[in-house]
């Protein structure tokens with residue numbers, strides 16, 4: 001039998017550290033449920049001691065997730081560990097992940113500690129975490145630049161203290177696959193009690209080697225990989241979950257292990273994370289990019305038509321792409337709509353939510369002939385956005401744009417239960433529309449990002465717009481979709497403004513990381 005490879009997802013913790021990728025409690029619950037359907041083994045839901053909002057998010061995720069272990073991150077500090085333990089109280093299965101830096105530069109410049117003091121803190125942290133759960137993970141931060149002899153001492157000590165998983169992080173993405181794999185093999189061979197813990201890796205992508213380093217570690221004995229959906233994470237990101245999982249599955253002749261991931265849920269998770277964070281997936285991204293299973297070259301097309309295996313090493317259906325889509329249109333009924341939504345992994349919380357989604361589907365069907373899965377996912381995102389408390393709503397938008405004339409826009413908003421109208425000019429139809437909205441709401445926020453992506457192909461495709469606003473250090477993402485890109489832009493801007501009006505649920509900068 002093959003070994004079990006544990007998949008540890010840190011999208012909601014390390015992934016959230018990407019500038020602009022902060023998630024609210026409700027958004028984390030949505031992602032947590034999607035990861036549970038994906039059959040992720042461990043979900044790192046956040047850093048409870050970082051802020052009250054992060055504590056509440058971890059607590060909320062812990063209460064709703066039943067089939068995956070929910071994990072909270074904690075520095076090797078008593079308060080951090082106590083907060084993590086408190087947040088995880090309601091979890092069916094919980095884990096505390098504690099860490100302290102072990103590289104010379106971190107110990108000297110950041111911690112101002114001696115190696116002996118670091119070992120003492122690590123052991124104390126693990127023992128304290130064991131008071132809350134039997135599942136304790138320890139990470140020596142910046143292990144990639146740590147002395148191997150010292151790593152052996154620290155890891156042996158924390159195993160004796162009760163750590164059940166040892167995570168070796170390449171915190172700054174400095175490692176090279178051959179060298180990193182050898183480090184894992186050496187640690188497992190040299191540490192006397194190594195057989196009492198699972199060895200894990202957490203690789204950053206600063207040199208574009210996060211997945212390669214992770215797989216090298218697996219080939220050398222690591223049996224847990226920490227990764228994120230879409231490779232999300234601070235700086236250049238983390239190892240991509242979908243790439244690690246599909247590499248192990250596709251090359252089963254090389255890897256003597258297997259995951260329990262339901263790969264058919266990969267694409268749905270990818271789109272959900274992209275929607276919530278406002279980080280679009282590049283078309284040529286492996287596994288989940290729009291072009292991942294597309295063939296342009298004639299010789300490739302000819303080969304695939306004769307035998308798919310000539311140029312495809314995976315089946316698109318195995319990761320969630322639909323080869324044969326059910327075409328929905330304006331004549332489709334509620335049952336067909338609901339059935340397809342269920343197949344895509346969406347369950348409606350109430351009849352009212354289903355009715356809202358179906359009404360939006362019918363409105364879209366009047367605008368375009370065929371409705372594809374991507375359109376349905378956008379409808380769900382709009383329903384979720386509508387379920388949030390909206391102080392501002394778009395009632396009407398009129399735009400005039402013609403050659404040689406300055407574009408103008410007139411917008412009508414529902415603002416504090418009143419209809420308010422204002423107009424503005426701009427460099428284009430979108431610019432004029434957003435300026436008209438800003439004249440009414442007067443957020444004085446900075447537009448940090450404006451991004452447009454087509455949801456499907458064709459001139460009648462919906463455009464999905466992401467707007468990122470920044471004000472007084474707070475960053476929010478707004479999302480809007482419509483067949484009219486100007487309206488989609490207005491929706492996205494208003495969605496972002498509504499978030500600015502709501503209580504600040506952002507995370508606060510962390511004082512450490514793995």
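None of the figures in this text is laboratory data; all of them are computed from the coordinates on show. Keep in mind that this is a model prediction, so the values were computed, not measured. Cβ placement follows ideal geometry from the backbone for every residue including glycine, while neighbour counts extend to all protein chains displayed.
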Extension reserve of the residue 403-residue 253 stretch, reckoned as 0.36 nm per residue once the Cα distance is removed:
47.9 nm
Need the full-extension length gain, residue 423 to residue 447, defined as separation in residues times 0.36 nm minus the C-alpha distance. One decimal, nm.
6.7 nm
Given a Förster distance of 22 Å, report the FRET efficiency between residue 172 and residue 110 from their Cβ-Cβ distance, rounded to the nearest 0.05.
0.95
Taking Cα atoms only, helix 373-387 is inclined relative to the longest principal axis of the chain by an angle, in degrees rounded to 10, of 90 degrees
Could you grab the relative contact order for the chain? Cα pairs under 8 Å, six or more apart, rounded to a whole percent.
12 percent
Order of 14, 262 - criterion: other Cβ atoms within 10 Å of each residue's Cβ, fewest first
262, 14
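Mind sorting 293, 180 by how few other Cβ atoms lie within 10 Å of their own Cβ, fewest first?
Values: 293 18, 180 26.
Taking fewest neighbouring Cβ atoms as first place, the list is 293, 180.
Per-residue ellipticity at 222 nm for the chain, helices alone: DSSP H runs ≥ 4 residues times -39500 (n - 2.57), over residue total, nearest 500 deg cm²/dmol?
Result for the chain, helices only: -11500 deg cm²/dmol.
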Could you work out how much longer the chain between residue 336 and residue 484 gets when fully extended? Use 0.36 nm per residue separation minus the Cα distance between them, nm to one decimal.
50.7 nm
Could you give the angle, 0 to 90 degrees to the nearest 10, between helix 52-64's Cα long axis and the longest principal axis of the Cα atoms of the chain?
90 degrees
Most packed first (mean Cβ within 10 Å per residue), the peptides 155-163, 101-109, 27-35 order as 27-35, 155-163, 101-109
Please determine, in degrees from 0 to 90 and to the nearest 10, the orientation of helix 241-250 with respect to the longest principal axis defined by the Cα atoms of the chain, where the helix direction is its Cα long axis.
70 degrees
